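Everything on this sheet refers to the single structure shown next.
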Amino acid sequence: MNRIDSIIHDIRRAISEVAEDFYSETKDLVKFLDVADEHTYSSVIDSFYLLEDTQLAKHEFENTDFINESFGRLYLMFHGVLNSCYMQQQALLVICQKLGIDQNIKEIKEIEVVAYRNDFSAHSPNRGRGKSEHSYILDRHAMREAKVKGYTANHETGFIFREANIYSLISSWDIVLERQLQLVAERVLNSKT
């Protein structure tokens, strides 16, 4: 279990302890999290489930043998891990908004792994028509080298190439995610974890 998993686990365990009390009601969980209402509580808890699930996907990706996987499986893995990071970003933004944490929001929104996800894993062929966003073609051979690499040909200035190491992108995100989850833990648990 890495530090991110540990922080998520500590927060979820504290919430579970309140929920498992024999006389517990949802209003007790609302009070524990110090949020506005049951809807807000539900958004926060759903976001924690999403963080747990996407951590599993990221861990599985770390164990992938890129050299021996088929290209089809590599596409699934790369698209999946990039989308997992995006889903984590969105879950973290929801948690912060609902808990009133406003530190580091700009950095979270501008994280590079999500920019790569948007360009390489959330594009369609018509992305970029009349806009500043463009679809990118993912180089399948570069995936064997743990790279998100490719180009766009539908930019008004011509071809644009982008390249990054997937592990570096995820690692940079994990630093931001861990730091922000620490703030969440301090807010929820009222102590340093």
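The values are calculated or read from the model by the stated rules, or taken from the named source; none is laboratory data. In this text the structure is predicted, and so the values were computed from the model without any measurement. Cβ placement follows ideal geometry from the backbone for every residue including glycine, while neighbour counts extend to all protein chains displayed. Accessible surface is based on the protein model in full, side chains and every heavy atom, while ligands, DNA and RNA are left aside. Shrake-Rupley method; radii C 1.70, N 1.55, O 1.52, S 1.80 Å.
Remarks
- Subset of the stretch 27-41 (residues that are over 18 Å from L189 (Cα atoms) and not in a loop (DSSP other than H, G, I, E, B)): E38, H39
- Matching option when the condition is modelled with pLDDT of 95 or more and within 15 Å of D174 (Cα to Cα), among M87, M143: M87
- Condition check for S121: open to solvent by 10 Å² or more (accessible area, probe 1.4 Å), modelled with pLDDT under 90 and within 19 Å of K58 (Cα to Cα): yes
- Residues of the stretch 25-52 classified as without any contact (Cβ under 8 Å) to a residue 12 or more places away in the chain and open to solvent by less than 30 Å² (accessible area, probe 1.4 Å), total: 1
- Put simply, of I4, I8 the only residue that is under 18 Å from S84 (Cβ atoms) and in contact with a Phe, Trp or Tyr (Cβ under 9 Å, 6 or more places away or on another chain) is I8.
- Boolean, K58 is in a helix (DSSP H, G or I) and open to solvent by less than 50 Å² (accessible area, probe 1.4 Å): yes
- Residues satisfying the stated conditions in the stretch 1-54, i.e. among the charged types (D, E, K, R) and over 19 Å from K98 (Cβ atoms): R3, D5, R13, E17, E20, D21, E25
- Boolean, V148 is at pLDDT 95 or above, part of a helix (DSSP H, G or I) and within 30 Å of Q180 (Cα to Cα): no
- Subset of the stretch 84-104 [open to solvent by less than 40 Å² (accessible area, probe 1.4 Å) and either in a helix (DSSP H, G or I) or closer than 18 Å to D139 by Cβ (or both)]: S84, C85, Q88, Q89, A91, L92, L93, I95, C96, L99
- Residue that is farthest from Y86 (Cα to Cα), among those in the stretch 63-74 that are of a type outside the set (S, T, N, Q), open to solvent by 50 Å² or more (accessible area, probe 1.4 Å) and out of contact with any helix residue (DSSP H, G or I) (no Cβ under 8 Å at 6 or more places or on another chain): I67
- Applying the criterion of being over 29 Å from I15 (Cβ atoms) and of a type in the set (D, E) to the residues of the stretch 105-117, the residue that is surrounded by the fewest Cβ atoms within 10 Å (Cβ to Cβ) is E110.
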